[in-house]
1. Looking at (1) within 30 Å of Gln29 (Cβ to Cβ); (2) surrounded by 19 or more Cβ atoms within 10 Å (Cβ to Cβ), which is the only condition Asp186 fails?
2. Checking the structure you have, find out if any residue of the range 228-243 is more than 28 Å from Leu19 (Cα to Cα), at pLDDT below 95 and of a type in the set (Gly, Ala, Ser).
3. Please list, ordered by residue number, the strands (runs of 3 or more DSSP E) wholly in the range 1-119 having 2 or more residues that are touching a strand residue (DSSP E or B) at 6+ places or on another chain (Cβ under 6 Å) and within 30 Å of Pro148 (Cβ to Cβ).
4. If I filter the range 217-227 for residues that are in contact with a His (Cβ under 6 Å, 6 or more places away or on another chain) and within 30 Å of Asp138 (Cβ to Cβ), do I get at least one hit?
5. Restricting to the range 256-265, name every residue that is surrounded by 12 or more Cβ atoms within 10 Å (Cβ to Cβ) and either part of a loop (DSSP other than H, G, I, E, B) or of a type outside the set (S, T, N, Q) (or both).
6. So which of Asn239, Asn268 ends up being crowded, with 21+ Cβ neighbours inside 10 Å and out of contact with any Cys (no Cβ under 6 Å at 6 or more places or on another chain)?
7. Among the residues of the range 58-73, what is the count of those that are more than 20 Å from His18 (Cβ to Cβ) and either among the aliphatic types (A, V, I, L, M) or crowded, with 22+ Cβ neighbours inside 10 Å (or both)?
8. Looking at Trp247 and the list (1) crowded, with 17+ Cβ neighbours inside 10 Å; (2) over 21 Å from the mean Cα position of the chain (by Cα); (3) among the aromatic types (Phe, Trp, Tyr), which single condition is not satisfied?
Amino acid sequence: MSYRSISVLTLVRGRQGHLDHLIAGLRTQTRPPDELVVAYMQDEAPRVPDDAPFLVRSIRVEGDALPLARARNLAAAAASGEIFAFLDVDCIPDPHFVQRADEAIAEEPGGVYLPEVRYLPAHAEGWLAPDRDEPDFDALNTHGERHPAKPDLSGCAVRPIADFGELWGLAFALSAENWRKTGGMDEDYVGYGAEETDFGRRLDRAGAKLFWLGGTICYHQHHTVHKPPLQHFESIVRNARLFRQRWGEWCMDYWLDDFTRRGLIARNDDGIEVLRTPTPGEIADTRQGPEVRFS
């Protein structure tokens, strides 16, 4: 198999501790990445180590409204690798993540690959091994929990996915060529929601193939979630409308249905009518405790 350079790309707003753990996971890779590109959506660049066994480059993304699509596009534009491996800053990759992405794309260059993600509980002490600069993978394996809506990939190399709606922004890998065929992500989506689902449609339209990727696990570090995410009410409604304009159907139905039950919106084939915005008290009531790992 010929050598291909690999860029890992991540987005940061706050969460320095999570970034530290992601980098610690990248230090353990059986096939190290050639570089880590950090697109940061904050005033100050996050701290990155001087002694990483790969290049780390940081780029600033302007905008206060969580420009996730634009941040991914800027990270990709700055990346030099022939393979792009996107990781949310919350994720700790196991030692095989980069190698498995490389192996899978060598077999099917048109593929987009989603590794298994396991969610971790809140753990104030963090997940690094004592007196070491790498994750405690025994602890991660013990405490990580697979999302109930996602498949068990034990013993699986790759598994085709028919529905591009499964595209999961937490962790995915594809060739840089595949990324460029789509034109990247649609920067009209701003804030929480829909940009990944839209990107799945772009990949499908560009002739990509979607797969689950076995042989590796990414561990999602805990952060507080809201169920539903009422703190993102305005951007969810805006981005859902935009997705409807782009593709002729709705996305994020589970959240929109919840908003409807709460009397916040009315939705039909013609669009979404905002009846009222959630109150600060309603938003606070949706905040979940530390025992809740995923929404």
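The values are calculated or read from the model by the stated rules, or taken from the named source; none is laboratory data. Treat the numbers as computed from the prediction; the structure is a model and nothing was measured. Note: ideal-geometry Cβ built from the backbone for every residue, glycine included; neighbour counts use all protein chains shown.
1. Of everything listed in (1) within 30 Å of Gln29 (Cβ to Cβ); (2) surrounded by 19 or more Cβ atoms within 10 Å (Cβ to Cβ), Asp186 misses just condition (1).
2. no
3. Of the strands (runs of 3 or more DSSP E) lying wholly inside the range 1-119, those with at least 2 residues that are touching a strand residue (DSSP E or B) at 6+ places or on another chain (Cβ under 6 Å) and within 30 Å of Pro148 (Cβ to Cβ) span 6-12, 83-87, 91-93, 111-119.
4. Filtering the range 217-227 for residues in contact with a His (Cβ under 6 Å, 6 or more places away or on another chain) gives 221.
Next cut, within 30 Å of Asp138 (Cβ to Cβ) only: 221.
Among the residues of the range 217-227, at least one is in contact with a His (Cβ under 6 Å, 6 or more places away or on another chain) and within 30 Å of Asp138 (Cβ to Cβ), which makes the answer yes.
5. Listed by number, the residues that qualify are Leu256, Asp257, Asp258, Phe259, Arg262, Leu264, Ile265.
6. Details: Asn268 fails: crowded, with 21+ Cβ neighbours inside 10 Å.
When all the criteria are applied, what remains is Asn239.
7. Filtering the range 58-73 down to residues more than 20 Å from His18 (Cβ to Cβ) leaves 62-65, 69-70, 73.
Those left that are additionally either among the aliphatic types (A, V, I, L, M) or crowded, with 22+ Cβ neighbours inside 10 Å (or both): 65, 69-70.
Of the residues in the range 58-73, 3 are more than 20 Å from His18 (Cβ to Cβ) and either among the aliphatic types (A, V, I, L, M) or crowded, with 22+ Cβ neighbours inside 10 Å (or both).
8. Every listed condition holds for Trp247 apart from (1).
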